[in-house]
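Student: Before we start, here is the structure in question, set down as structure tokens.
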Amino acid sequence: MISNIFRYIFSLLIITMVSLPSFAQTKDKGESKNFKITKNLDIFNSIFKELEMYYVDTIPTEKVVKTGIDAMLRQLDPYTTYMSEEEKEEFTIQVTGEYAGIGALIQQRGDTIFISDPYEGMPAQQADLRPGDAIIEIDGESMIKKESSFVSNKLKGQANTPLTVKILRKGSHEIIQKDLIRKKIQMKAVPYYGMVSDSIGYIYLTAFTDKSASEVKNAIIDLKKNPNFKSLIFDLRNNGGGDLEEAIQIVNFFVPKGVEILQTRGKLKNWDRTYKATQEPILPDMPLVVMVNRGSASASEIVTGALQDLDRAVIIGERTFGKGLVQTTRPLSYNGLVKITSAKYYIPSGRLIQAIDYSNRNPDGSVGRIPDSLTHVFNTANGRIVKDGGGILPDIITEQPRYSNMSYYLVRDNYFFDFANDYANTHESIGSVEDFKLSDEEYDKFKKFVISKNFTYDRQSDKALKDLKQLAEFEGYSEDAKAEFEALEAKLSHNVERDLDKFRSELSQILSQEIVKRYYFEKGEIKQTLKVDKELDKALEILNNKAQYKEILSPKADIKADEKKNKKESLSYNPYFIPLEEIFIHSNNVYMS
């Protein structure tokens, strides 16, 4: 077993350290480098042998080696990672958006696994598995005190194979048996598209899987059937990227054949590539707005940056993440996989939008964003000024919605989730999404529900006040400021009922989305969100004003407009408020099944 591990480590290190050398190395340099590799592998080998022989307890071989590999790769960048045979499945699902199972998210709460979100039209929904159902058994095996990953693997399997799931539903004391047939599940890259006004279409792309371009193309073709379709909003908010080739194809839908879209450059020069549009565009001239935020990364930034550099779209939203690196996967022995950062990509203006320089670490090992003083100026096709080194700065920066700390804890502790389940159990239908509005009476019920559970949460102001009091005491001012501290404490006292009223608007919005999802699934949730989307309103405003749209894409005489955008961006940021996308990423135990 140990010798296999050594061969495994050796093959990994050789791939990551040897297979990508510069071909211009001299023989002496090559020999010197090879000696260092051999030397350090021998040291690693010797240490492990000594540990295995003399360490007081049994060495968990695979865990220790995996930890060593992960630590090695973390010294490079967050995207160069090793995946064991078991971990490859999740990676494959990310790339293809496809697996076989029952079609539902599951979530762990304590010792029990619950159905979280059944997908519309999939086996879980067709078998009437509902959010909040506790999974008791799968094929006769108890699932109590099992991890989410274990239950997820039990629910997955070969397509068209049967399984029996026993559940316990809130309000019922009897175990309910459900017989299901696993099905091939294809996660939609475009979960929603449609007309958001009489003449403006909308497409929401959540990820760049290997079917993203075809889904976007089908959405465009369907929208074109509407004779009033004159403009398009393309939503890439919170899209973390994926397949580079899919991003190139999507840009090609909007730009002429032959136009350069991207260049990739790395250590191996024969791997460098220039990507051009290879097809005639579907929408060559239609006014286009792309919506982004700081969760838009990688392939999302390729699409956004290319369309901005080519002056083909107005970009609205928040500065994007800033990932200008390309990864290549390499197979390893024992069915493992290593994902290696092999190149950087450059969009049409020639700029690299990578925001963090992993090659220059601080003495403590940390890395920071590239300072503005080290960025460079580039020009779009029309001569507009753009910069590198920090993601894509939108043409129109909108004020991002920041949600309160209270919202985060209510989501994290499943208050919206549980109340929406109770609501769905007592309301057979809610009418159309367009007409749904949470009533004052229902919100008051939610308030009572939260208060009855003795809900509490941390507040940044409480922590800051406590720190200030300690500092004042240390410096000898606590007695002099005692009255002021007491008055401030009274105003900042933890009052859940008051805060439920104070943040009523945002809490009602989140609760409404959760309720609508019970009846209309992901598509309904998106439509409900768009009803109060201020960035969407801004996009509609721009597309309804042809003169303004044209002016935004026209060249500027100087860089003042860019400086003004940067200033506005910094002023709009508030570290004590939580963006909506982070509120919903509230559990590490949510799995697809």
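Student: Provide Asp480, Asp388, Asp222 ordered by accessible surface of protein heavy atoms (probe 1.4 Å), highest first.
Tutor: These residues rank, largest area first, as Asp480, Asp222, Asp388.
Student: Name the residue farthest towards the positive end of the dipole of segment 51-183 from the options Leu129, Thr112, Phe91, assuming +1 on Cβ of Lys and Arg, -1 on Cβ of Asp and Glu, about the Cα centre.
Tutor: Comparing the listed Cα positions along the dipole, Leu129 ranks first.
Student: Taking H placed 1.01 Å from N in the peptide plane, check which residues at least 5 places from Asn238 or on another chain put their amide H under 5 Å from its amide H.
Tutor: Under 5 Å from the amide H of Asn238 lie the amide H atoms of Asn293, Gly295, Ser296, each far enough along the sequence or on another chain.
Student: Find the relative contact order for segment 92-177 and round it to a whole percent, using C-alpha pairs within less than 8 Å whose residues are 6+ positions apart. Don't jump to the answer; show the numbers that get you there.
Tutor: Values: 144 pairs, mean separation 23.1, N = 86.
Computed over segment 92-177, the figure is 27 percent.
Student: Tell me the relative contact order for the chain as a rounded percent, counting alpha carbon contacts under 8 Å between residues six or more apart. List each step's numbers first, then the result.
Tutor: Details: 981 pairs, mean separation 78.9, N = 593.
Answer for the chain is 13 percent.
Student: Something else about it: Using the alpha-carbon centroid of each, what span in Å lies between segment 414-480 and segment 334-355?
Tutor: Spelled out, the Cα-based centre of one part sits 42 Å from the other.
Student: Another question, if that's okay. Is the shape of segment 151-203 best called rounded, prolate or oblate, per the rule: a/c under 1.5 gives rounded, else a/b larger than b/c gives prolate, else oblate, with a ≥ b ≥ c the square roots of the Cα gyration tensor eigenvalues? Intermediate values should be presented prior to the final figure.
Tutor: Details: a/c = 4.24, a/b = 1.91, b/c = 2.22.
Oblate is the answer for segment 151-203, as a/c is 1.5 or above yet b/c matches or exceeds a/b.
Student: Here's something else I'd like to know. So for segment 209-343: antiparallel DSSP bridges make up what percent, rounded to the nearest 5? Don't skip to the answer; put the middle values down first.
Tutor: On the way: 11 of 19 bridges.
DSSP beta bridges in segment 209-343 are roughly 60 percent antiparallel.
Student: Could you tell me the distance between the Cα centroids of segment 54-119 and segment 496-516, to the nearest Å?
Tutor: 34 Å
Student: With a Förster radius of 25 Å, plug the Cβ-Cβ distance of Glu90 and Asn40 into 1/(1 + (r/R0)^6) and report the FRET value to the nearest 0.05. Mind showing how you got there, number by number?
Tutor: Details: r = 31 Å, r/R0 = 1.23.
With a Förster radius of 25 Å, E is 0.20.
Student: Could you give each residue of segment 379-390 its phi-based ³J(HN,Hα) in whole Hz, using Karplus coefficients 6.51, -1.76, 1.60 with θ = phi - 60°, and x for Gly or Pro?
Tutor: Karplus values, whole Hz, x for Gly and Pro: 10, 6, 4, 8, x, 6, 8, 9, 10, 9, x, x.
Student: Another question about this same structure. Which of the GluC sites (Glu not before Pro) found in segment 375-469 are in a DSSP loop and have at most 13 neighbouring Cβ atoms, other than their own, within 10 Å? Walk me through the numbers on the way to the answer.
Tutor: On the way: sites: Glu399, Glu428, Glu434, Glu441, Glu442; in loops: Glu399, Glu428, Glu434.
Counting only loop positions with at most 13 other Cβ atoms within 10 Å, the GluC sites (Glu not before Pro) in segment 375-469 are Glu428, Glu434.
Student: Once neighbouring chains are kept in place and the probe is 1.4 Å, which whole percent of the accessible area of segment 405-559 is contributed by carbon and sulfur? Don't skip to the end; give the middle numbers.
Tutor: Values: 4460 of 8990 Å².
It is 50 percent, rounded to a whole number.
Student: Provide the percentage of antiparallel DSSP beta bridges, counting only those with both residues in the chain; round to the nearest 5. It would help to have the intermediate numbers written out before the result.
Tutor: Working: 55 of 71 bridges.
Counting only bridges with both partners in the chain, antiparallel ones make up about 75 percent.
Student: Accessible area per residue of the chain at 1.4 Å probe, in Å²? Show your work: numbers first, answer last.
Tutor: Working: 30910 Å² over 593 residues.
Ligands and nucleic acids excluded, the figure is 52 Å² per residue.
Student: As a test of the formula, what do you get for the chain when each DSSP H run with n ≥ 4 contributes -39,500 (n - 2.57) and the sum is divided by the residue count, at 222 nm and rounded to the nearest 500 deg cm²/dmol? It would help to have the intermediate numbers written out before the result.
Tutor: Details: 20 runs with 238 residues, N = 593.
That comes out to -12500 deg cm²/dmol.
Student: Follow-up. Where nothing but the Cβ of Lys and Arg (+1) and of Asp and Glu (-1) is charged, how large is the charge dipole of the chain around its Cα centre, in debye to the nearest 20? Write out the running numbers ahead of the final one.
Tutor: Numbers: 80 positive and 86 negative charges, 362 e Å.
Around 1740 debye, computed over the chain.
Student: Using Cα-Cα distances under 8 Å and only pairs 6 or more residues apart, what relative contact order does segment 321-419 have, in percent?
Tutor: Numbers: 123 pairs, mean separation 22.6, N = 99.
Once divided by the residue count of segment 321-419, the mean separation gives 23 percent.
Student: Which entry in (i) 27.8; (ii) 35.1; (iii) 26.4 matches mean projected area of the Cα convex hull in nm² derived from the coordinates of this structure?
Tutor: Answer label, from the structure shown: (ii).
Student: Taking amide H positions as placed in the peptide plane 1.01 Å from N, state which residues far from Leu262 in sequence (5 or more) or on other chains have amide H under 5 Å from it.
Tutor: Residues meeting the criterion, in which the H sits 1.01 Å from N, are Tyr275.
Student: Which ³J(HN,Hα) values, rounded to whole Hz and listed in residue order, are derived for segment 419-428 from phi using the Karplus coefficients 6.51, -1.76 and 1.60 in 6.51 cos²θ - 1.76 cosθ + 1.60 with θ = phi - 60°, glycine and proline given as x?
Tutor: The phi angles translate into 5, 5, 5, 4, 4, 5, 6, 10, 10, 5 Hz.
Student: Mind listing the phi-derived Karplus ³J(HN,Hα) values for segment 37-54, rounded to whole Hz, using 6.51, -1.76 and 1.60 with θ = phi - 60°, and x for any glycine or proline?
Tutor: 5, 4, 4, 6, 5, 5, 4, 4, 4, 5, 4, 5, 4, 5, 4, 4, 7, 10
Student: Between Thr80 and residues 5 or more places away or on another chain, which pairs have amide H atoms under 5 Å apart, with H built 1.01 Å from N, and which residues are they?
Tutor: Answer set, sorted by chain and number: Thr341.
Student: Then there's this: Shape call for segment 22-124 from the C-alpha gyration tensor, a ≥ b ≥ c root eigenvalues: rounded (a/c under 1.5), prolate (a/b greater than b/c) or oblate?
Tutor: Numbers: a/c = 4.21, a/b = 1.78, b/c = 2.37.
Oblate.
The values are calculated or read from the model by the stated rules, or taken from the named source; none is laboratory data. The shown structure was predicted, so the numbers you read here are calculated from the model rather than taken from an experiment. Every residue, glycine as well, gets a Cβ built from its backbone with ideal geometry; the counts of neighbours run over all protein chains shown. Accessible surface areas use protein heavy atoms only, side chains included; no ligands, DNA or RNA. Shrake-Rupley method; radii C 1.70, N 1.55, O 1.52, S 1.80 Å.
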